[in-house]
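Here, each number is a calculation from the coordinates, and none is a lab measurement. None of these values were measured; they are calculated from a predicted model. No Cβ is skipped: glycine too gets one built from the backbone with ideal geometry, and neighbour counts run over all protein chains shown.
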Amino acid sequence: MPVAHDAGMTTTRSHETATDLRAEWRDGVVAALTMLVGFVPFALVIGATVGAHGPVVARLASTPLVLGGSAQLAVLELLDDGGAMALVIGTGLAINARLLTYSASLAPEWAGASRRFRLVAAATIIDPTWALSRERAARGGSFEARRSFYAAMASVMVLGWTGLVSLGAAIGPAVDLAAMDVAVPLCLLVLVVPNLTTRPGAAGVAAAALVGWGATAAPAGSGVLLAALAGVLVAELVERQVPR
Amino acid sequence: MNTWLAVLAVGLGSYTFRVVPLFVPWIASPPPRVERVVTRAGAASLAALAVASIRRQTAHADLPDTTAVVAALVVGLLVARRGARMPTVVLAGIATHIAVGLLAHGA
């Protein structure tokens, strides 16, 4: 009898675990879909940029490969402006360098995960997946539960984002609204605004904007890198002036 | 060819940024200064791109169109500073662009 009892307990426990993991999976899907709604305009703007010029396959492939809207937009805009290859790549990498800090903050949480999980999940780390992962980690639970949540959330996020950008690429050229052009700087503005909350951050953004404005005629898109350099230098200078 | 090269290089570099801290422990805790510079370099690049995009749009635009772009950005900035999310900012900016454009061309 004890054996049967134990077997029953084991069955119940594994059934509960499977149910919990299914609930985590469902929560991950819902979280990703909710987050994706907020990214629809940005995805469509990037999609319109993707569909504006050729080669279409390479530009469509940039969505899952670069997997960062701002870096993808920068790379495509600089390519369209005839930017030199080193500057295009340098700017894309400068914008995506923040991923180092996102990944670093996830490293302790994923330390016990399999090598395969880390290799695959790494490809999906980006602002929303990182934010949702941190939010889920704060609620606790087993690693299996959090992994299930992350796998569902990141899959939906990557597939949904790629789908939305592709949709933008398909309908963008057909919907030729002049007002849509202003959406690109508006999207970039939203990404920059959080940096305006500190004096060094605001000074860096202002310096980058000024240099960027003055350097639009700089050869082969080098204005963006010059502006980024100026922004970092000014922010660091102001940082040293700010009393602690 | 150039597009493929740029996409693959940025894609590979971005994946390296993502994967290395998960396998190399000392990179998993970068000094605060490095973290700060990395964040600011990204923000500065985005600010420069926004400005370049605005400059491109207004370079050959007439006064009403330039006014509409500037008004859209001012409204977008104000709405974003109030903590609104991207869809709200974009919709507010585009609505302002259309409204000011119509008014300025009608005047």
- Query: Using the Cα atoms of segment A:106-175 to build a convex hull, what is its mean projected area in square nanometres?
  - Reply: 5.3 nm²
- Message: How long are the semi-axes of the equivalent ellipsoid of segment B:1-106, defined as square roots of 5 times the Cα gyration tensor eigenvalues? Whole Å, largest first.
- Response: 38, 19, 12
- Would you tell me the mean number of C-beta atoms belonging to other protein chains that fall within 10 Å of each C-beta in A:226-235, as a whole number? 6
- Note on the structure: Scaled by the rule-of-thumb 2.2 N^0.38 Å, the alpha carbon Rg for segment A:79-203 gives a ratio of 1.31
- Taking θ as phi - 60°, what are the ³J(HN,Hα) couplings along segment A:65-79 by the Karplus curve (6.51, -1.76, 1.60), each to the nearest whole Hz, with x for Gly and Pro? 6, 7, 6, x, x, 5, 5, 5, 4, 4, 4, 5, 5, 5, 4
- Radius of gyration and maximum dimension Dmax of segment A:92-146, Cα, Å: 11.6, 36
- Item | Cα-based helix-to-principal-axis angle, B:2-23 vs chain B, degrees rounded to 10 | 50 degrees
- Task: Specify the angular offset, from 0 to 90 degrees and rounded to the nearest 10, of the alpha carbon long axis of helix B:86-106 from the longest principal axis of the alpha carbons in chain B.
- Result: 30 degrees
- Task: Specify the angular offset, from 0 to 90 degrees and rounded to the nearest 10, of the alpha carbon long axis of helix A:127-138 from the longest principal axis of the alpha carbons in chain A.
- Result: 40 degrees
- Mind listing the phi-derived Karplus ³J(HN,Hα) values for segment A:211-217, rounded to whole Hz, using 6.51, -1.76 and 1.60 with θ = phi - 60°, and x for any glycine or proline? 5, x, 5, x, 9, 5, 8
- Message: Taking the beta-carbon count within 10 Å as an exposure proxy, list B:Val10, A:Val40 from fewest neighbours to most.
- Response: A:Val40, B:Val10
- Would you kindly work out the equivalent ellipsoid of the protein assembly as shown from its C-alpha gyration tensor and give its semi-axes, the square roots of five times the eigenvalues, largest first in whole Å? 39, 23, 20
- Note on the structure: Low-density loop GluC sites (Glu not before Pro), segment A:51-148, at most 13 other Cβ within 10 Å, DSSP non-H/G/I/E/B, are none
